[in-house]
1. Residues with beta-carbon under 12 Å from that of PRO390, excluding PRO390: net charge, scoring Lys, Arg +1 and Asp, Glu -1?
2. Using a Gaussian network model of the chain with C-alpha springs under 10 Å, which one of HIS145, HIS248, HIS39 is most mobile by mean-square fluctuation?
3. How would ARG300, ARG133, ARG114 rank on accessible area, largest to smallest, probe 1.4 Å?
4. Any chance you could list P(r) for segment 294-370, counting all Cα-Cα pairs in 5 angstrom bins from zero, rounded to whole %?
5. At q = 0.11, 0.17 Å⁻¹, what log₁₀ I(q)/I(0) does a Debye calculation on the Cα points of segment 182-323 give, no solvent, two decimals?
6. Determine the per residue accessible area of segment 49-186 with all protein chains present and a 1.4 angstrom probe, expressed in square angstrom.
7. Leaving out ligands, DNA and RNA, and with a 1.4 Å probe, what % of the accessible surface on the chain is carbon or sulfur?
8. How big is the Rg/Rh ratio for segment 141-185, C-alpha atoms only, Rh by Kirkwood, two decimals?
Amino acid sequence: MTNNVNINVNGTEYRWPSRPVVVVCIDGGDPRYLQELLHEDAIPNIRAFIEHGFGTVVDGSMPSFTCPNNMSIITGTPTSRHGISGNYYLDTQSWKPVVMTGPELLRGDTILARFAEHGAKVVSITAKDKLRRQLGKGLDVSQGHVSFSSEFAHQCSMAENGIENVLEYVGMPQPDMYSMELSLFVMEAGIKLLKDRRPDLMYLSLTDFVQHKWSPTEVEARRFYERLDDAFGRLAEQDIVLALTADHGMSDKSDAAGQPNVIWLQDLLDTRFGKNEMTVVCPITDAFVAHHGALGGFVRVWSKGSVSADSIIAYIQGLDGVELAINRATACRLFDMPEDREADVVVVSRENVCIGASAASHNLDGLKGYRLRTHGGLSEAKVPLILNRPLNAQYRQKLACKALKSYEIFELALNGTS
């Protein structure tokens, strides 16, 4: 094992941990949940971390989706560096969306893999398997590391995940994809592995089922956060550095009648400019659209050449509910995104509005009985960042002079605590 040296990952120097460092990404962990539950005194462990350690609200990466932000956190870089700017981008040769969850599309190294190369023992546990392979890029589980998802906990093998018989090991049944237990399984597995193996670095990434379904004031949201808070307390009592953040926030995007407040952008563009002139891609789309119906606050528009980006922008800017309609260069400059995977036009909605492609292409059956709560835009880009230990003098001074990003959480946990 390498000790007392700095490990360079994508241009940032990270100090070797003197005790285990556990970073948790609370998927959909909008600061409003913590504000409400701190007011109710329902999350005493998180309150203690904030009071005795460090707590603030920071900027996440845009678009405010799961994959871009998890990849930013695990690489310590913005999306312009690691290249994962959504679940999909458009291949303009075939005009078909391309899934962006493969490790071959992730640029640069992960913090876990680089530390593992130098002898650290690392663990990565996610709720959804779509993140697992990218988070585990370059990680050789045959060397004692662990990388698995609670989605496929029942299928784990030593060859693929570095662990087997996970359900028996954790003592929980296989969780349903649409349940809070999918996240709680991640937490219980992390607590047990921390006790049994005491890895140097651990990354736990949850799912946002609860936040999509329930607002901060609803009983089920409170129950979930109380259980998370208990798990955080059991992690922290094992003499670790615990760092909490989120990949994105969550906003109610329904109208007064409880129906999704949607701009059907593909339909509008087809009517204005003609069909087959441009393609709208909703990069929030994944295999589990019952969460959100593939509706979010950020979409991309590619023109096939007959209509200029300026003409598209001029039209979209006049639509009620649109916060921004900007070209590729402007979007990449504002949001630090990769130009080679960006569209001709980027569209961001207001907080209470979401954007879809065509009405016929979205299945909203999973939303029946619930208000649409989703994310993707600037309205959901603010996230909490909490440490269970105080910052050292160097980092207190450093943060007084700069805006903090959520992807700096490993740097704070490794370099910024005493």
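1. On the way: positive: ARG389, ARG396; negative: GLU51.
Summing Lys/Arg as +1 and Asp/Glu as -1 gives +1.
2. HIS39
3. Details: ARG300 0, ARG133 110, ARG114 50 Å².
If we order ARG300, ARG133, ARG114 from most to least accessible, we get ARG133, ARG114, ARG300.
4. For segment 294-370, the pair-distance distribution reads 3, 15, 22, 23, 19, 9, 6, 3, 0.
5. With one equal scatterer per Cα and no solvent, log10 I(q)/I(0) is -0.63, -1.00.
6. Numbers: 4980 Å² over 138 residues.
Roughly 36 Å² per residue, with all protein chains present.
7. Details: 7400 of 15820 Å².
Ligands and nucleic acids excluded, carbon and sulfur give 47 percent.
8. Numbers: Rg = 10.6 Å, Rh = 10.7 Å.
That ratio is 0.99, to two decimals.
The values are calculated or read from the model by the stated rules, or taken from the named source; none is laboratory data. In this text, all values refer to a predicted model and were calculated from it rather than measured experimentally. Glycine also receives a Cβ, built like all others from the backbone with ideal geometry; neighbour counts cover every protein chain displayed. Surface accessibility is based on the protein's heavy atoms, side chains included, excluding ligands, DNA and RNA. Shrake-Rupley method; radii C 1.70, N 1.55, O 1.52, S 1.80 Å.
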